[in-house]
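Participant: The structure is given below, and queries will be raised subsequently.
The values are calculated or read from the model by the stated rules, or taken from the named source; none is laboratory data. Here the structure is a predicted model, which means the values were calculated and not measured. Virtual Cβ from ideal backbone geometry, glycine too; neighbours counted across all protein chains shown. Note: accessible area is taken over every heavy atom of the protein model, side chains too, but ligands, DNA and RNA are not part of it. Shrake-Rupley method; radii C 1.70, N 1.55, O 1.52, S 1.80 Å.
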Amino acid sequence: MTDGKTALSELTEISSQVDAAVLFSADGEVVASTLPDTRAKELAASAKALFEEAGRVGAGELSQLEAATADGSLFVVRDGDLLIAASTGAEPTSGLVFYDLKATLRNAAAKPKPKPKPKPAAKRKPRAKSSGTS
Amino acid sequence: MGRRSLFALGLAAGSLLGIGLYARRGRARERIDLYFADGSMSSLDGGSSEASRLLAQARDGLRAARP
């Protein structure tokens with residue numbers, strides 16, 4: 001339906017809590033971000049390392065996390081090969097932030113719909129020659 | 001002891017208690033919440049060694065996210 005950049009701009013429009021966000025692949029490559037390139041790469045690298053290390057804590061497969069500090073929270077959500085990391089201020093409404101991040105991941109992962117093909121112009125029937133003489 | 005001294009003592013004790021409670025509240029806020037694909041959830045308190053390591057990484061990310 002939409003690409004990563006559009007999905008992120010929709011996220012920052014609908015969520016007043018999200019300060020910055022980056023979409024990245026499971027191998028850490030930045031797909032889209034609300035930040036300049038260098039900082040987007042740093043955030044993606046930190047979020048990837050955090051998610052991988054946190055994944056070793058539990059026995060199951062980690063799908064999302066919130067790291068809450070006194071200065072703000074860092075959220076990381078995974079859907080397949082795509083991840084999103086987002087920063088918020090202190091004490092955010094976690095449920096809402098997770099909901100918005102998952103919706104953004106779904107939007108970013110959805111394949112764009114193919115444009116409908118224009119209908120071929122209807123062939124005109126050749127006019128029948130008028131037999132009458134005028 | 002005069003009334004003024006008692007008032008000053010009470011004010012000082014109240015301030016100390018308030019500072020202590022505020023600092024404790026701030027520490028309690030630091031945590032890592034982990035949500036797993038099977039629907040289970042685990043919360044690591046900021047005081048644990050595992051959470052401290054993860055929180056340090058989260059702070060790196062937050063620094064990058066903020067100007």
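Participant: Just to verify a result, which residue in segment A:82-99, among those that are out of contact with any Asp or Glu (no Cβ under 9 Å at 6 or more places or on another chain) and at pLDDT 95 or above, is most open to solvent (accessible area, probe 1.4 Å)? Break it down stepwise before answering.
Facilitator: First pass over segment A:82-99, keeping only residues out of contact with any Asp or Glu (no Cβ under 9 Å at 6 or more places or on another chain): A:82-85, A:91, A:93, A:95-96, A:99.
From the residues that got through so far, the ones that are at pLDDT 95 or above too are A:82-85, A:93, A:95-96, A:99.
On the way: A:Leu82: 28, A:Leu83: 8, A:Ile84: 0, A:Ala85: 0, A:Thr93: 75, A:Gly95: 53, A:Leu96: 98, A:Tyr99: 146 Å².
Filtering segment A:82-99 for residues that are out of contact with any Asp or Glu (no Cβ under 9 Å at 6 or more places or on another chain) and at pLDDT 95 or above, the one most open to solvent (accessible area, probe 1.4 Å) comes out as A:Tyr99.
Participant: Taking A:Ala70 as the residue in question, decide whether it is within 17 Å of B:Ala64 (Cα to Cα) and at pLDDT 95 or above.
Facilitator: Numbers: within 17 Å of B:Ala64 (Cα to Cα): yes; at pLDDT 95 or above: no.
Taking the combined requirement at face value, the residue does not satisfy it.
Participant: When you check A:Ala32 against the structure, is it in a strand (DSSP E or B), touching a residue at least 40 places away in the same chain (Cβ under 8 Å) and more than 14 Å from chain B (Cβ to nearest Cβ), yes or no? Talk me through it step by step, then tell me what you get.
Facilitator: Details: in a strand (DSSP E or B): yes; touching a residue at least 40 places away in the same chain (Cβ under 8 Å): yes; more than 14 Å from chain B (Cβ to nearest Cβ): yes.
Considered against the rule, which asks whether it is in a strand (DSSP E or B), touching a residue at least 40 places away in the same chain (Cβ under 8 Å) and more than 14 Å from chain B (Cβ to nearest Cβ), A:Ala32 comes out as yes.
Participant: Another question, then. What number goes with the only condition from (1) more than 7 Å from chain B (Cβ to nearest Cβ); (2) under 17 Å from B:Leu55 (Cβ atoms) that A:Ala68 does not pass?
Facilitator: (1)
Participant: Which one is nearest to the other protein chains (Cβ to nearest Cβ) among residues in segment A:3-29 that are assigned to a loop (DSSP other than H, G, I, E, B) and surrounded by fewer than 16 Cβ atoms within 10 Å (Cβ to Cβ)? Walk me through it before giving the result.
Facilitator: Taking segment A:3-29 as the starting set, the residues that turn out to be assigned to a loop (DSSP other than H, G, I, E, B) are A:3, A:15-17, A:26-29.
From the residues that got through so far, the ones that are surrounded by fewer than 16 Cβ atoms within 10 Å (Cβ to Cβ) too are A:3, A:16, A:26-29.
Numbers: A:Asp3: 21, A:Ser16: 16, A:Ala26: 15, A:Asp27: 17, A:Gly28: 13, A:Glu29: 16 Å.
Going through the qualifying residues, I end up with A:Gly28.
Participant: Same structure again: Quickly run through segment A:36-62 and pick out the residues that are at the interface with chain B (Cβ under 7 Å from one of its Cβ atoms), open to solvent by less than 30 Å² (accessible area, probe 1.4 Å) and within 21 Å of the chain's Cα centre (by Cα).
Facilitator: Within segment A:36-62, A:Leu43, A:Ser46, A:Ala47, A:Leu50, A:Leu62 qualify.
Participant: Go through (1) more than 21 Å from B:Gly39 (Cβ to Cβ); (2) open to solvent by 40 Å² or more (accessible area, probe 1.4 Å) one by one and return the number of the condition A:Asp79 breaks.
Facilitator: (1)
Participant: Could I ask something else about it? State whether the residues of segment A:6-14 include one that is of a type in the set (Val, Ile, Thr), within 17 Å of B:Ser43 (Cα to Cα) and within 17 Å of the chain's Cα centre (by Cα).
Facilitator: Start the filter on segment A:6-14 by keeping residues that are of a type in the set (Val, Ile, Thr), which leaves A:6, A:12, A:14.
Adding the requirement that they be within 17 Å of B:Ser43 (Cα to Cα) leaves none.
No, that holds for no residue.
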